[in-house]
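*Asks:* One structure follows; several queries about it will come next.
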Amino acid sequence: MSVVAALLDGWTVLLVCAGIGFFVAGTTGMLRFPDAATRLHALTKADNLGVGLVVLGLLPQVARPAEGFKLLVIWALVLLASAVSSQLVARVATDGPPIEEDRNGRTAPAASGTPLDRSGSVGAGAQP
Amino acid sequence: MTSATLFSLCSAALVGIGLFGLLLHQDPLRRIVALNVLGAGTFLLFGAIARRGAVDGLPSDPVPQAMVITGVVVAFAGSALAVSIVRRLAALDALDGPDGPDGPDAPSSIEPSDDAPRDASARGSGDSDGEVGGKSGAGSTGVDDAPRRGVNGGAFDGRPRRSSIEPDGRASMEGR
Amino acid sequence: MTAFLLVAAVAVLLTVAGALVRVVRGPTTSDRMMGAQLIGTGGIAALLLAGTASRLNSTSDVALVLAILAPFAMVAFRRYAAATQAAASRERRLEIDAGAPGAAPPQGGA
Amino acid sequence: MIPALERAVELAIGAMLVGLALWSVLVRPRFASIVGFVVFGLLLMLAWMRLGAPDVAMTEGAIGSGLAGFLLLSAAARLRCSEIRRARIGAGEPQRARDRSPRRSSIVALGVGCAAVAAALAAAVAALPHPAPSLAPAALERLPELGIGNPVSGVLIGFRALDTLVEKIVLVVALVGVWGLAAEASWRRAPSVDPSPEIEPIRFLARALPPVGIVLAIYLLWRGATEPGGAFPAGAILAAMAVLVLAAGLGRLPPTAARSLRLAICAGPLVFLGVGGLGMGVARGFLDYPAGFEVLSIKLIEVLLTGSVAVVLLLLVAGPPEEAASANGMRRPEPPL
């Protein structure tokens, strides 16, 4: 194994490990953070950096340059999706009342006093 | 255990789960989800069988794969049809709403009298909401407009067909 | 290198299973959607890792399809949320108008 | 070492699949069930990759997870609107049967029965013959005659073209069924995808994503001849992009009465039928492509099929035309309370 190949493999190991670290951190945050806004913070780290570092780490391993380009496009798409989804989730979670889920198709009165999910109070941040 | 064995066992479980949900639920949308799980299990069984038929140079037998691709698209078409039926039934229910539980044929004069003012205020508020809240997401769907139209006498649409569609949501069974 | 990439794929899949807990436990609809999105991106990463490990050419195409459709459920979710929130706020306004504890349906609902 | 790791990957995917399916079938809130199903679709895509079927993975991901998730969530939003409204006006339940939950004993009996079905299926799978019968060698052997390199595309457009043709016709029939559900007043009007409120980020997405999606669809179609891809994933991606544009309020569908729309729907199956019928004259039979023109015929069919699949899938997601939606067009975002 030449020095260059060893260096490239080392690059892959390093960056993929870092990416997994971000995934683990993001998931931990998802599970441990108390409300939607902080969980969103954790999610974006896994989205943007987790996938990004894995993609960068895999770049030396691809067979053709075109494959590498596709990997970068995947990262760009994930970034775009993440940015837009974060906006949407953040608006849903912070604007307006928390969303109640319907139960099994029955008509659920959306009266404010009706606790529909265990957590009407959790999460949704400020209720104007 | 090869991947074909593993995923064929998995697919058997999925078929059982989907069947259970399909028979258990009364909510049509949940039935559609269960039906899709059942379909996914069936397709996965095809996939496992295709995997068993792998030969040199091909990881998997292409003929079952092609059938699954066809099946996925047809299953989606069936789900879309079922969803349309569910939506239409919901719209008809909303149309029936002011008539009370006795269905569309009950004349509105037999409504309990204490319901009438509440209905009127509800409808009036709904209208004013349409102005205050602009064309809000929920305020201007066809579903929401239907009762108003029904009360105003322009209720021709839908009603004659009411009898031709089973009102209990079983129509979603035709999804596939 | 193959073994390392597969181990990495397993690791990402396990963290994805962690996000599954968030989907299952909720509690709010936003939390479920965020869990689903984390699973989507984790799925892309696991796909790329396992695909590169087994030298599968088409992996990146599949991941591209997955990535381009990632924000789709979120757009539909926004509509669901808006419908529910609008209906709930209208309900509240109605209660204020009526000065009564709402128009409770006869059968009691949920 | 490596086979064990691959088994570990597969075991993780399989366990998550079954658990998620069980959860999304059993969980009470409808919304949770649908989210569970979307995630299930994502994991199913990984399972298809492990089964060596990237073509199926693409189709499943684009249609089974992407479009179906959008469809079900939109329907849940619709139902939620009408349910809240019905609760508000105090209307009784027209379907009282829906609220009657089954008895515990019958649920248990149902569960046992379904478990028995699953067990029987598992037993049948275990009893499959060894070595497994396979049509792969036959397909591989005749593949060069078609002039394309991807065996799955070859089966879809070549060897089992009749299936694909009939499937296209089924799609059109399903669309006719959906349109037939239109109310009297909205008959022949334009169907519409419910626009999302909070429009700005979605509008940004709807401007940024479709160019990439169109390039990706063309790429998949082009590559479908030799590598995984082909008409169905390409059509599904095009349909998804169009749904996005419509949901952002950046475009509108033509009315169902429009002749161009109907032509676009039928173009794929009609050309397919035409080329197939041509085979009866110049080649050995129906759907036998003329010798020397196989690649050209297949390309023509695939391109038109992609367009027609995209249009039909889009219209299936949009649903039947509705009066109010077509009258209002785009909606303003909901002001904060």
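*Asks:* Whether any residue in the stretch A:3-13 is under 30 Å from C:A81 (Cβ atoms) and touching a residue at least 12 places away in the same chain (Cβ under 8 Å) is what I want to check. Don't jump to the end; show me each part of the working.
*Replies:* Going residue by residue through the stretch A:3-13, those that are under 30 Å from C:A81 (Cβ atoms) are none.
Checking the stretch A:3-13: not a single residue is under 30 Å from C:A81 (Cβ atoms) and touching a residue at least 12 places away in the same chain (Cβ under 8 Å).
*Asks:* Same structure again: What number of residues within the stretch D:56-81 are more than 9 Å from chain C (Cβ to nearest Cβ) and touching a Ser or Thr at 6+ places or on another chain (Cβ under 8 Å)?
*Replies:* So the count comes out to 1.
*Asks:* On to the next question. Conditions first: (1) outside any loop (DSSP other than H, G, I, E, B); (2) more than 20 Å from D:A62 (Cα to Cα). D:G235 passes all but one, so which condition is the exception?
*Replies:* Here D:G235 meets the rest and fails (2).
*Asks:* Please go through the stretch C:1-53 and pick out each residue that is of a type in the set (A, V, I, L, M, F, W, C), within 14 Å of the chain's Cα centre (by Cα), surrounded by 24 or more Cβ atoms within 10 Å (Cβ to Cβ) and facing another protein chain (nearest Cβ under 7 Å).
*Replies:* Once the filter is applied, which keeps residues that are of a type in the set (A, V, I, L, M, F, W, C), within 14 Å of the chain's Cα centre (by Cα), surrounded by 24 or more Cβ atoms within 10 Å (Cβ to Cβ) and facing another protein chain (nearest Cβ under 7 Å), the stretch C:1-53 yields C:A19, C:V23, C:M33, C:M34, C:A36, C:L38, C:I39.
*Asks:* Kindly indicate which of D:G229, D:G279 is at pLDDT below 85 and not in a helix (DSSP H, G or I).
*Replies:* D:G229
*Asks:* Pull up the stretch D:129-166, narrow it to residues that are within 7 Å of chain B (Cβ to nearest Cβ) and among the hydrophobic types (A, V, I, L, M, F, W, C), then point me to the one that is nearest to B:D61 (Cα to Cα).
*Replies:* Result: D:A136.
*Asks:* Conditions: (1) at pLDDT 85 or above; (2) buried (at least 19 other Cβ atoms within 10 Å of the Cβ); (3) under 20 Å from the mean Cα position of the chain (by Cα); (4) within 10 Å of another protein chain (Cβ to nearest Cβ). D:I202 meets all but one. Number of the miss?
*Replies:* D:I202 satisfies all of (1) at pLDDT 85 or above; (2) buried (at least 19 other Cβ atoms within 10 Å of the Cβ); (3) under 20 Å from the mean Cα position of the chain (by Cα); (4) within 10 Å of another protein chain (Cβ to nearest Cβ) except (3).
*Asks:* Could you tell me whether the stretch B:45-61 includes any residue that is closer than 22 Å to D:L110 by Cβ, in contact with a Ser or Thr (Cβ under 9 Å, 6 or more places away or on another chain) and in contact (Cβ under 8 Å) with a residue 24 or more places away in the chain? Outline the logic, then answer.
*Replies:* Quick first cut of the stretch B:45-61, residues closer than 22 Å to D:L110 by Cβ only: B:45.
Still in the running and in contact with a Ser or Thr (Cβ under 9 Å, 6 or more places away or on another chain): B:45.
Those still in the list that are in contact (Cβ under 8 Å) with a residue 24 or more places away in the chain too: B:45.
Within the stretch B:45-61, one or more residues are closer than 22 Å to D:L110 by Cβ, in contact with a Ser or Thr (Cβ under 9 Å, 6 or more places away or on another chain) and in contact (Cβ under 8 Å) with a residue 24 or more places away in the chain.
*Asks:* So which residues in the stretch D:157-181 are of a type in the set (K, R) and part of a helix (DSSP H, G or I), if there are any at all?
*Replies:* If the condition is that a residue be of a type in the set (K, R) and part of a helix (DSSP H, G or I), then D:K168 is the only one that fits.
*Asks:* When you look at B:L35, is it buried (at least 24 other Cβ atoms within 10 Å of the Cβ) and more than 7 Å from chain D (Cβ to nearest Cβ), yes or no?
*Replies:* Numbers: buried (at least 24 other Cβ atoms within 10 Å of the Cβ): no; more than 7 Å from chain D (Cβ to nearest Cβ): yes.
Considered against the rule, which asks whether it is buried (at least 24 other Cβ atoms within 10 Å of the Cβ) and more than 7 Å from chain D (Cβ to nearest Cβ), B:L35 comes out as no.
*Asks:* Tell me the residue from B:L14, B:L6, B:L19, B:L23 that is crowded, with 24+ Cβ neighbours inside 10 Å, facing chain D (nearest Cβ under 7 Å) and either at positive phi or outside any loop (DSSP other than H, G, I, E, B) (or both), please.
*Replies:* B:L14
*Asks:* Any idea which of (1) modelled with pLDDT of 90 or more; (2) in contact with a helix residue (DSSP H, G or I) (Cβ under 9 Å, 6 or more places away or on another chain); (3) surrounded by fewer than 20 Cβ atoms within 10 Å (Cβ to Cβ) is the one D:R223 doesn't satisfy?
*Replies:* Here D:R223 meets the rest and fails (1).
*Asks:* Next question. Taking the stretch D:313-337 as the search range and keeping residues that are touching a helix residue (DSSP H, G or I) at 6+ places or on another chain (Cβ under 6 Å), more than 8 Å from chain B (Cβ to nearest Cβ) and buried (at least 22 other Cβ atoms within 10 Å of the Cβ), which one is modelled with the lowest pLDDT?
*Replies:* D:P321
*Asks:* Please work out if A:L59 is farther than 21 Å from A:L77 by Cα and touching a helix residue (DSSP H, G or I) at 6+ places or on another chain (Cβ under 8 Å).
*Replies:* No: the conditions fail for A:L59.
*Asks:* Of all residues in the stretch D:1-28, which are farther than 30 Å from D:A234 by Cβ and either among the aromatic types (F, W, Y) or surrounded by 24 or more Cβ atoms within 10 Å (Cβ to Cβ) (or both)?
*Replies:* D:W23, D:V25
*Asks:* Given the criteria closer than 22 Å to A:A90 by Cβ and not polar (S, T, N, Q), does C:A70 qualify?
*Replies:* yes
The values are calculated or read from the model by the stated rules, or taken from the named source; none is laboratory data. Source: prediction; values computed, not measured. Methodologically, a virtual Cβ is constructed for each residue, glycine included, from the backbone with ideal geometry; neighbour enumeration extends over all protein chains shown.
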